[in-house]
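The values are calculated or read from the model by the stated rules, or taken from the named source; none is laboratory data. Note that this is a predicted model, so its numbers are computed, not measured. Cβ: placed from backbone, ideal geometry, glycine included. Neighbour counts: every protein chain shown.
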Amino acid sequence: MLYAFGFDAVGVVVGDLYFVDPEPERGQEGAERGVRLEVRLLAREDLHGSIYSAQPIVIDQPVWRADLLESVDGPAGSFDRTHHHPRFVGWEPGRRVFEPRMGDDPVAFVGAELADVHALMDRARLDPSIVPASDAEALHETVPEILEVTRRLLDRVHEGELARPPAGPVSTARVGWL
């Protein structure tokens with residue numbers, strides 16, 4: 001499932017994720033599941049028809065990512081794989097950062113990060129002026145709604161409804177929009 005919150009230049013996307021990466025050097029032993037949230041730049045493409053045609057919308061360059069993940073084999077709500085990526089190099093995430101305060105309340109951590117998108121852009125080594133002040137204010141005001149969606153998705157993951165593995169045995173998998 002994918003939720004998107006869009007403003008003029010920036011957006012937030014949130015979705016469930018089931019992930020298997022067989023490379024243990026990445027700090028993962030076994031499958032993980034949870035919710036991924038990304039701050040992305042947005043772009044509008046030219047219309048492909050009349051003024052009444054649907055507006056092409058591009059959810060573009062990633063800025064910041066939070067992975068509210070846990071081991072599939074562990075207890076629901078453990079958040080033992082929860083981390084964030086403060087910056088990207090192109091489309092590739094930078095190193096995982098495991099913040100102790102994320103494990104205590106990962107949703108609150110996400111809210112604190114989203115509350116100041118200009119600071120988040122600066123930490124991502126991107127020009128904060130890319131995000132207009134009106135977007136920063138609108139995003140700040142929308143944080144409670146984004147966090148509510150994130151909590152609902154996490155609840156559905158913990159209930160086994162979302163972030164489900166693919167059918168059949170797999171050695172690697174990424175199931176989800178993000």
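Every residue in the stretch 129-178 that is hydroxyl-bearing (Ser, Thr, Tyr) and within 17 Å of Glu32 (Cβ to Cβ), please.
Of everything in the stretch 129-178, those that are hydroxyl-bearing (Ser, Thr, Tyr) and within 17 Å of Glu32 (Cβ to Cβ) turn out to be Thr150, Ser171, Thr172.
State whether one or more residues within the stretch 135-150 are part of a helix (DSSP H, G or I), over 16 Å from the mean Cα position of the chain (by Cα), of a type in the set (S, T, N, Q) and modelled with pLDDT of 95 or more.
The answer is no; no qualifying residue exists.
Those residues that are surrounded by 13 or more Cβ atoms within 10 Å (Cβ to Cβ) and β-branched (Val, Ile, Thr), I need them from the stretch 53-67; list them, please.
Ile57, Ile59, Val63
Looking at the stretch 112-131, can you tell me whether even one residue there is surrounded by fewer than 15 Cβ atoms within 10 Å (Cβ to Cβ) and within 16 Å of the chain's Cα centre (by Cα)?
yes
Identify, from the list Arg96, Arg65, Arg101, the residue that is modelled with pLDDT under 95, under 14 Å from the mean Cα position of the chain (by Cα) and of a type in the set (D, E, K, R).
Arg96
Let me confirm something: among Glu45, Glu32, Glu70, which residue is farther than 18 Å from Ala138 by Cα and surrounded by fewer than 18 Cβ atoms within 10 Å (Cβ to Cβ)?
So the residue among Glu45, Glu32, Glu70 that is farther than 18 Å from Ala138 by Cα and surrounded by fewer than 18 Cβ atoms within 10 Å (Cβ to Cβ) is Glu45.
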